[in-house]
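So the structure is just underneath, and the comments pick up after that.
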Amino acid sequence: MLKGHLDAIVLAALEAGPAHGYAVIETIKRASAGTFNLPEGTVYPALHRLEEAGLLASAWSTPPGGRKRRVYSLTKSGTAALAGRRKTWDRFSQAVDTMLGGDKTWPA
Amino acid sequence: MAGVIDTYLAGLRREFDFDPALGRRMAEEIEAHLWDAAEADPAWPSADAERRAVERFGLARAIAAEFAADAVARQSKRTWIALVATLAVTFVAMRLRQMWLGDVGDLFPTLAPVVDRYAFIAALAVGTVAWFAWRRSWLPLAVCLVAIIASVGAGILRAGLFVDGAPLSVLIAAAGEIALIGLLAFHVIGLGRRLRRTALLRRVR
C-alpha cells in the first residue's frame, strides 16, 4: 500500500527544503514515527523517477570537509504536484475514514 | 580486502548492466548514503556497522529491478515516438515517390507496389491496435518495424532510387525514412533488452 504513495511521500519529505537521499529517508522515518520502515534503497528509484518527471531537480554538492552527495529539491511542477496529491489524499482518506468509521452519510 | 560497502557497490554496478551510466551515478550516490548510515551506527567503525547499513538499504538486485522497470517505461515512450515519426515520414516519402512514379512509371510494377502499400497499412494497423492493447509489449513494435522495412524497401526498389534522375525531394524523404528506421530499430532492440533484463531481475530477486 505504501509503495503506491511513495512518490507523494518523497515529495512531501522534500517540502521543507533540499535534501540528499539519506536525509529524505531519515525524514520519512522520523515523520512517520517508524511506521514507514521500508528498505532505505527504495527511495532512490522514486527520487530518480520524480526527477525524470521534472518534479525534482538534483545537483552534486560537497560541503567543506564533507562527503559528495546528490541533493534533491522540489521544482515548481513538484510543488504543484504535491498540492494536487495532497488534495486527492484528503478526499480519499476522508472517504475511507467515513466508511471504516461506520458513518453512513457518505457520500453526502 | 574490499569492505562490505565496497563489495555491495560493486555488485550494484553489475546489476545495472541495462544502463551502465545510471549504474555509475547511482553507485556514487548510494555510496555516500551507506557511509552516512554506517557512521550513524553505534558499532561504527566496524564491519558490523557496514553490514547493517547495507542490510537496511536492501538487495542491490531489488533496487536495480525498480530502476529497470522505470527504464522500460521511458524506453517504451521513446520507441512509440520513433514509430509515429517513422510512419509519418514514410507516408510523406511514399506520396512523393508516388507522384514522381506517376510521371516515370514503376521499375517493378507487379509485386513492389503491393508490398509498398500493404506492408505500410499493416504497420499502421498493428501499431494502432498495439497502442490500445499492448502498449508495453515489444513484439507488436518489432512487427511494425519489419513491416515498415518491407514497405520502404519495396518503395525504393520500385522507384529505383539508386538510379540517377530522382528529384531531390524524393531522395531527401527516402534518406529521412531510412534514418528513422535505423532509430526505430535501435529503440525496439533497446526495449527488448530492457524488458528481458527487468524480467530476469524480478524473477531471481
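Running a GNM on chain B with Cα contacts under 10 Å, which residue among B:193, B:52, B:78 ends up with the highest mean-square fluctuation?
For chain B, modelled as a Gaussian network with Cα springs under 10 Å, the answer is B:52.
Hey, can you grab everything whose amide H is under 5 Å from the amide H of residue A:20? Only 5+ residues off in sequence or another chain; H modelled, so Pro and N-termini drop out.
Hits under the 5 Å cutoff: A:72.
Roughly what angle does helix B:139-159 make with the longest principal axis of chain B, taking Cα atoms, 0 to 90 degrees, to the nearest 10?
30 degrees
Residue by residue through region A:32-48, which ³J(HN,Hα) values in whole Hz follow from phi under the Karplus form 6.51 cos²θ - 1.76 cosθ + 1.60 (θ = phi - 60°), with glycine and proline marked x?
Coupling constants for region A:32-48: 8, 6, x, 5, 8, 9, 8, x, 4, x, 5, 6, 5, x, 5, 4, 5 Hz.
Quick one: which residues, 5+ away or cross-chain, put their amide H under 5 Å from the amide H of residue B:18? H built at 1.01 Å from N.
The list, which skips near neighbours in sequence, is empty: none.
How big is chain B on each of its three principal axes, counting only the C-alpha atoms and giving the largest first in Å?
Extents along the principal axes: 85, 33, 22 Å.
Compute the distance from the alpha-carbon center of region B:65-142 to that of region A:29-108, in whole Å.
39 Å
Send over the Kirkwood Rh of the protein assembly as shown, from the inverse of the averaged 1/r over different Cα pairs, rounded to one decimal Å.
Averaging 1/r across every pair of different Cα atoms and inverting gives 23.4 Å.
No value in this document is a laboratory result; all are computed from the given coordinates. Because the structure is predicted, anything quoted here is derived from the model rather than measured.
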